[in-house]
Amino acid sequence: MVKDNATVGVVVPMFNAERTIRSTLTSICRQNYQALDIIVVDDGSTDESASIVAFCADKDRRIRLIRQSNGGVAHARNRGAASTDAEFLAFVDADDLWAPSKIALQLRALLEGGSSAGLAYCWFAHIDEDGRVFSLHNHPDAQGHVLQRMCRQNFVGNGSSMLVRRSAFEQAGQFDSSLRAKSAQGCEDLLMCLRIAESYEFRVVPQHLVGYRMTNVNMSSDVMQMLRSCEIVLAEFREKYPQFGGDLDAHLVDMIHWLATRALIEGRFFAAYELLKKSVVLDPRTAISGLPDIVDAYCRARLVPRWIKLRVKRMLNKDAEFRPLYSEMSW
């Protein structure tokens, strides 16, 4: 059972998020599990984000706002984690959404796993800028000792999907802020998961409890920076665990494929072309076999005319229709 006195620190790094931060905070405050210490770290925003957070804090006293000059997402997350003494930590980007049962289910999974379980993750839905779900394909099942599987694939997917023990977070060295200095932000979450997996077990909650927003303004939309970040992170574990070299190679190819898909969805056609070309050089078979999935994702995300969606649906034999708003899904 979940302990009533187990406070969860929820850290929200924020930079110019006036369009989404209210929805994100609403989804946090509506959690079934109420013992939350919600810290929003404003990382040098120049829009109305801070004013919106201040308004929300007046409505819910669990919300606190910390302001700092722009230092990057890792620094903001670490600052937020340091400002709470909560035993468990959750991180959510300022444009993502949580289902109401997210924290309660993950906390139960961690507590049932005992002290050896350091991280619980859940499935996530891809949502567009208006909160519409266009993919529910994410459904990994990895748990227990998962280091090799993490080297093969980032099945956790994003920082908004995980809940971690503070002890695991500290042992992993917190989020690595050095990536920003290398113009390689983006894979801080992957690095955290890999480092935790070296010493702790993982647990999974097999439900789509996170709405992961894909737009052309969040950090992961800088696909070439994300690629540099991934290459740096995987290089660290290639040196540590040469026996997992094949898994790490395949991980990089999958990342390039995902980034190419993202670039195409966002209309960054030249970047998508460059990434696909790189993918073909590294692994021609995977690059070619993955093209139908790219087309499917593009049609789901870009609101192309219905007749095109129906044609793609027949071609791929997949459901190419949009799903409801994430906030309206039945949980």
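No lab work stands behind these numbers, since they all come straight from the coordinates. Everything numeric in this text was worked out from a predicted model, so none of it was measured. FYI the Cβ positions are ideal-geometry reconstructions off the backbone, even for glycines, and counts take in every protein chain you see.
Table for the structure above
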read-out	value
Of all DSSP beta bridges in the chain, antiparallel share, percent nearest 5	30
Gain in span if fully extended, Glu231 to Thr286, counting 0.36 nm per residue against the direct Cα distance	17.9 nm
Under 5 Å, built H, 5+ apart or other chain: amide partners of Ala94	none
Cα-based reach from Lys59 at 17 Å (exclusive), listing aspartates and glutamates while leaving out same-chain residues under 8 positions away	Asp37
Within straight-line cross-link reach of Lys240, aspartates and glutamates at Cα separation under 14 Å, skipping those fewer than 8 residues along the same chain	Glu198
Gain on full stretching of the segment that runs from Leu136 to Thr7 - 0.36 nm per residue minus C-alpha separation	43.4 nm
Fraction in percent of alpha-carbon pairs per bin - 20 Å, the chain	31, 61, 8
Those aspartates and glutamates that a straight Cα-Cα span of less than 12 Å connects to Lys278, excepting residues fewer than 8 apart in one chain	Asp254
Paramagnetic reach from Gln243 (point 7 Å along Cα→Cβ, amide N under 11 Å) across the stretch 148-165	148
Cβ-based net charge around Val205, under 12 Å, with every Lys or Arg adding one and every Asp or Glu removing one	+1
Residues Leu227, Leu111, sorted so that the one with the fewest Cβ neighbours within 10 Å comes first	Leu111, Leu227
For the chain, built as a Gaussian network whose Cα springs stay under 10 Å, the top-fluctuating residue of Cys299, Cys122, Cys151	Cys299
Cβ-based exposure ranking for Val210, Val92, in which fewest neighbours within 10 Å come first	Val92, Val210
